[in-house]
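Single-structure report; data block below.
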Amino acid sequence: MIILRELKLKDFLSHDETIIKFSPKQKVLVDGKSGAGKSSLVEAILWCFYGKGRSDNRSLIRHGEKSATVIIILEDQKNDEVIKVEREANISGKNSLKLSKQTKKGNFLPIKVVGMKATQEHLEQEIIRSSYLLFVNSIVYPQDNTENFVKQTAAKRKDILLEIARCDSYEEYYNK
């Protein structure tokens, strides 16, 4: 099981610098006035994990700043590891993704994956173990979710259900 331990936002949307630490089995209620940044917390998680935001990367940067950063610290209880996921976007619209594991001494060393595409695949398949479509339909439900399960084609719904079952095809699921 993957546990969210910490969420850090730096110049992301309306957040100057926000750090939220989570305790095991903690229940969280986010409250605030309209425009206070509640939805942007969910958006930060989605963007950090999948590189997908409401629009282009530049619009995620807080007004007047040159870049935005989101860092998520995860605890992988299955593999007894602490993993840091860091995504940064700059004013030119480019973004970077860094993955690292915590050592026994407490510092983080990079996970050796070459290239942005391979790093993204490693994050989705080996760390989060979830595609974007499954994530927004089962773990995080963003405001105005246009990729709602019921709005998907039959083929996409089948893919989501097969991913939940950890199968590549219906035949594999049937044999399980």
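Per-structure values
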read-out: Of all residues making up segment 1-23, the number that are open to solvent by 40 Å² or more (accessible area, probe 1.4 Å) and either in contact with a Phe, Trp or Tyr (Cβ under 8 Å, 6 or more places away or on another chain) or closer than 17 Å to Ile139 by Cα (or both); value: 6
read-out: Matching entry among Leu99, Leu134, Leu109 (being in contact with a Pro (Cβ under 8 Å, 6 or more places away or on another chain) and under 23 Å from Gln77 (Cβ atoms)); value: Leu99
read-out: Selection within segment 74-110 - open to solvent by less than 30 Å² (accessible area, probe 1.4 Å) and modelled with pLDDT of 95 or more; value: Leu74, Val82, Ile83, Val85, Arg87, Leu97, Leu99, Ser100
read-out: Tally, over segment 29-71, of residues that are touching an Asp or Glu at 6+ places or on another chain (Cβ under 7 Å), touching a residue at least 12 places away in the same chain (Cβ under 8 Å) and buried (at least 17 other Cβ atoms within 10 Å of the Cβ); value: 6
read-out: Condition met for Gln26 (open to solvent by 70 Å² or more (accessible area, probe 1.4 Å), of a type in the set (S, T, N, Q) and modelled with pLDDT under 85); value: yes
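The values are calculated or read from the model by the stated rules, or taken from the named source; none is laboratory data. None of the values given here were measured: they were computed from a predicted structure. Cβ coordinates were reconstructed from backbone atoms using ideal geometry, including for glycine residues, and neighbour counts include every protein chain displayed. These accessible areas exclude ligands, DNA and RNA; they are computed on the full protein's heavy atoms, side chains included. Shrake-Rupley method; radii C 1.70, N 1.55, O 1.52, S 1.80 Å.
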